[in-house]
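The values are calculated or read from the model by the stated rules, or taken from the named source; none is laboratory data. Computed from a prediction, not measured in an experiment: that's the story for all the values here. Positions of Cβ are backbone-derived with ideal geometry, glycine not excepted, and every protein chain shown enters the neighbour counts. Remember, those area values only see protein heavy atoms, side chains included, never the ligands or the DNA or RNA. Shrake-Rupley method; radii C 1.70, N 1.55, O 1.52, S 1.80 Å.
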Amino acid sequence: MELNNKVIIVTGAGGGMGKVIVSQLLEEGAFVVGIDLSVSSLETINHERFVAKKANILDEQEIAKIFLDTNNKQGKIDGLVNAVGIAQQQSPIEDVSLEQWTRLMNINATSLFITVKEAVKYMKPNRQGSIVTIASISVVRPRPGLQSYIASKGAAESFSRAMAIELAPHLIRVNTIHPGPADTQMLGQFVGGDTDFTTMKDEVFKKSVPLGELIKPEDVSNAVVYLVSDRAKVVTGATLHVDGGRGL
Ligand SMILES: NC(=O)c1ccc[n+]([C@@H]2O[C@H](COP(=O)([O-])OP(=O)(O)OC[C@H]3O[C@@H](n4cnc5c(N)ncnc54)[C@H](O)[C@@H]3O)[C@@H](O)[C@H]2O)c1
């Protein structure tokens with residue numbers, strides 16, 4: 001097994017991608033702590049190496065406590081996977097409130113400041129660690145009406161690159177994954193109010209992928225396993241497009 005003895009924290013663990021990421025990390029032998037605002041989808045994961053923690057990713061104190069408890073109980077933290085995120089309903093900028101912009105920036109970007117800061121505390125003394133952030137291919141291939149979401153994901157990628165250079169002397173690797181349109185409940189949340197999602201899913205999202213299919217959570221979790229594993233020991237500051245060619 002690829003990840004035997006690794007202790008990995010996953011945010012957004014209860015989501016479409018998060019749950020599959022958690023399951024695959026467990027299959028590969030890791031001890032996993034999953035954080036989400038809603039942990040009900042995680043109830044079916046009954047595993048001795050899994051702990052679910054219900055928390056708001058922006059609650060700095062609560063998140064700090066989860067990292068501290070994990071380190072105290074497991075003796076170390078090897079990996080952090082930031083899969084938390086929210087979508088923006090497609091809308092022209094004039095119709096987007098400052099409150100909506102701020103919420104997207106907070107959950108998709110500021111949350112990374114909170115979790116990476118905590119992870120680094122425990123990774124630095126061990127001189128090893130791997131941090132993976134799920135951003136979005138929309139950063140390089142934007143769609144109209146998603147300006148706030150795309151800006152938040154651009155911040156996620158540039159923050160990861162900035163941390164990769166800052167943490168390289170400590171042998172902590174930081175990488176980004178840009179998924180293309182993925183078959184989770186989030187996809188429907190990008191669609192504007194008057195638009196039919198079923199038509200949009202086949203006619204717009206699927207057709208926008210050169211390889212001809214929507215991305216599956218498993219496609220993203222395969223990339224996560226690689227990036228947190230020692231096979232990727234010289235990979236840092238990279239952005240892996242898991243997008244069926246959507247970014248081309
Ligand atoms: N689905 C797509 O088409 C797509 C494409 C590219 C990138 N992404 C990104 O991939 C990641 C995973 O997306 P997904 O498709 O699994 O979406 P999802 O909505 O299924 O999962 C996101 C999870 O984040 C959790 N969450 C939201 N706000 C939170 C908060 N304040 N505190 C704690 N948890 C919170 C939600 O409860 C949910 O379980 C996200 O960062 C998303 O932006 C998704």
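A quick yes/no check of all residues on (1) in a loop (DSSP other than H, G, I, E, B); (2) within 14 Å of the ligand (Cβ to nearest atom); (3) closer than 21 Å to Met186 by Cα:
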residue: Val22; (1), (2), (3): no, yes, yes
residue: Val33; (1), (2), (3): no, yes, no
residue: Ile66; (1), (2), (3): no, yes, no
residue: Asp69; (1), (2), (3): no, no, no
**Q.** Candidates Glu99, Glu118 - the one that is buried (at least 18 other Cβ atoms within 10 Å of the Cβ), at pLDDT 95 or above and within 16 Å of the ligand (Cβ to nearest atom)
**A.** Glu118
**Q.** Checklist (1) within 12 Å of the ligand (Cβ to nearest atom); (2) open to solvent by less than 60 Å² (accessible area, probe 1.4 Å) applied to Ala232, failing item
**A.** (1)
**Q.** Residue among Gly188, Gly212 that is over 21 Å from Ala109 (Cβ atoms) and either of a type in the set (A, V, I, L, M, F, W, C) or at pLDDT 95 or above (or both)
**A.** Gly212
Q) Looking at the stretch 71-87, which of the residues that are open to solvent by 10 Å² or more (accessible area, probe 1.4 Å) and within 12 Å of the ligand (Cβ to nearest atom) is nearest to Ser229 (Cα to Cα)? A) Ala83
Q | Residue within the stretch 124-133 that is open to solvent by less than 60 Å² (accessible area, probe 1.4 Å), touching a helix residue (DSSP H, G or I) at 6+ places or on another chain (Cβ under 8 Å) and either assigned to a helix (DSSP H, G or I) or within 21 Å of Gly188 (Cβ to Cβ) (or both) present | A | no
Q.
All but one of (1) open to solvent by less than 30 Å² (accessible area, probe 1.4 Å); (2) away from the ligand (no atom under 16 Å from the Cβ); (3) closer than 21 Å to Gly12 by Cβ hold for Tyr226; state the number of the condition that does not hold.
A. (1)
Q: Taking Asp196 as the residue in question, decide whether it is away from the ligand (no atom under 12 Å from the Cβ), of a type outside the set (Phe, Trp, Tyr) and open to solvent by 70 Å² or more (accessible area, probe 1.4 Å).
A: yes
Q: Name every residue in the stretch 136-173 that is more than 16 Å from the ligand (Cβ to nearest atom) and hydrophobic (A, V, I, L, M, F, W, C), in order of residue number.
A: Ala162, Met163, Ala164, Ile165, Leu167, Ala168, Leu171, Ile172
Q. Taking the stretch 45-64 as the search range and keeping residues that are touching a helix residue (DSSP H, G or I) at 6+ places or on another chain (Cβ under 9 Å) and in a helix (DSSP H, G or I), which one is nearest to Pro125 (Cα to Cα)?
A. Ala64
Q. Of (1) touching a helix residue (DSSP H, G or I) at 6+ places or on another chain (Cβ under 9 Å); (2) farther than 28 Å from Val7 by Cα; (3) not in a loop (DSSP other than H, G, I, E, B), Ile177 satisfies all except one. Which?
A. (2)
(Q) Cβ contacts < 8 Å: first residue more than 20 Å from Glu28 (Cβ to Cβ), restricted to the stretch 209-220; second residue open to solvent by less than 90 Å² (accessible area, probe 1.4 Å) and basic (Lys, Arg), any location; separation 6+ or different chain. Result? (A) Val209/Arg246; Pro210/Arg246; Gly212/Lys206; Glu213/Lys206; Leu214/Lys201; Leu214/Lys206
Q: Identify, from the list Gly247, Gly188, the residue that is within 12 Å of the ligand (Cβ to nearest atom), open to solvent by less than 50 Å² (accessible area, probe 1.4 Å) and assigned to a helix (DSSP H, G or I).
A: Gly188
Q. Taking the condition within 12 Å of the ligand (Cβ to nearest atom) and either assigned to a helix (DSSP H, G or I) or in contact with a Lys or Arg (Cβ under 6 Å, 6 or more places away or on another chain) (or both), does Lys201 pass?
A. yes
Q | Residues (over 13 Å from the mean Cα position of the chain (by Cα), in a loop (DSSP other than H, G, I, E, B) and modelled with pLDDT of 95 or more) located in the stretch 5-20 | A | Lys6
